[in-house]
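Comments concern the structure below.
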Amino acid sequence: MKGSRAKSALPVVARRALRKLGADISMARRRRGITAQLMAERAFTTRNTLRGVERGDPTVSMANYATVLFVLGMINRLADLADASADPLGRELAEEQLPKRVRTRESIQDDGHGT
């Protein structure tokens with residue numbers, strides 16, 4: 001089965017997150033009064049694929065999730081998932097790599113001449 005290694009290697013927390021995403025998408029669709037058939041048509045997919053999205057199936061393509069979110073008017077949330085400005089760990093790691101001092105090229109050359 002295509003993607004089966006990736007699916008079996010998926011961490012439990014990621015599976016839970018996808019299931020929650022799917023359930024939230026399903027609820028958003030139903031709150032809007034959109035039938036599964038109409039949603040599938042608007043998302044240019046099949047009802048089976050939509051069913052996979054709403055179950056949080058990790059083998060369904062990201063494009064399908066994105067299109068469904070677009071149809072629901074929720075696409076901005078996808079754009080913010082890995083927003084660099086909301087990544088405290090990444091910022092902390094980057095700050096650890098900052099130099100202790102910043103010197104101009106002239107001061108480096110001056111130091112190298114013993115002045």
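Read the figures in this text as sums done on the coordinates, not as results from a lab. This is a predicted model, so every value here is computed, not measured. FYI the Cβ positions are ideal-geometry reconstructions off the backbone, even for glycines, and counts take in every protein chain you see.
General observations
- Filter result (among the small types (Gly, Ala, Ser) and closer than 17 Å to residue 19 by Cα) within region 64-103: 66
- Pairs are defined by a Cβ separation below 6 Å, a sequence spacing of at least 6 or placement on different chains, a first member in region 13-27 that is in contact (Cβ under 8 Å) with a residue 12 or more places away in the chain and farther than 16 Å from residue 77 by Cα, and a second member that is of a type in the set (Gly, Ala, Ser) and surrounded by 14 or more Cβ atoms within 10 Å (Cβ to Cβ); the pairs so defined are 19/56.
- Answer residue from region 65-91, given it is in contact (Cβ under 8 Å) with a residue 24 or more places away in the chain and among the β-branched types (Val, Ile, Thr) and is surrounded by the most Cβ atoms within 10 Å (Cβ to Cβ) among those: 68
- Criterion: under 17 Å from the mean Cα position of the chain (by Cα) and in a loop (DSSP other than H, G, I, E, B) - qualifying residue of 59, 67: 59
- Selection count, region 81-101, where residues are part of a helix (DSSP H, G or I) and of a type in the set (A, V, I, L, M): 5
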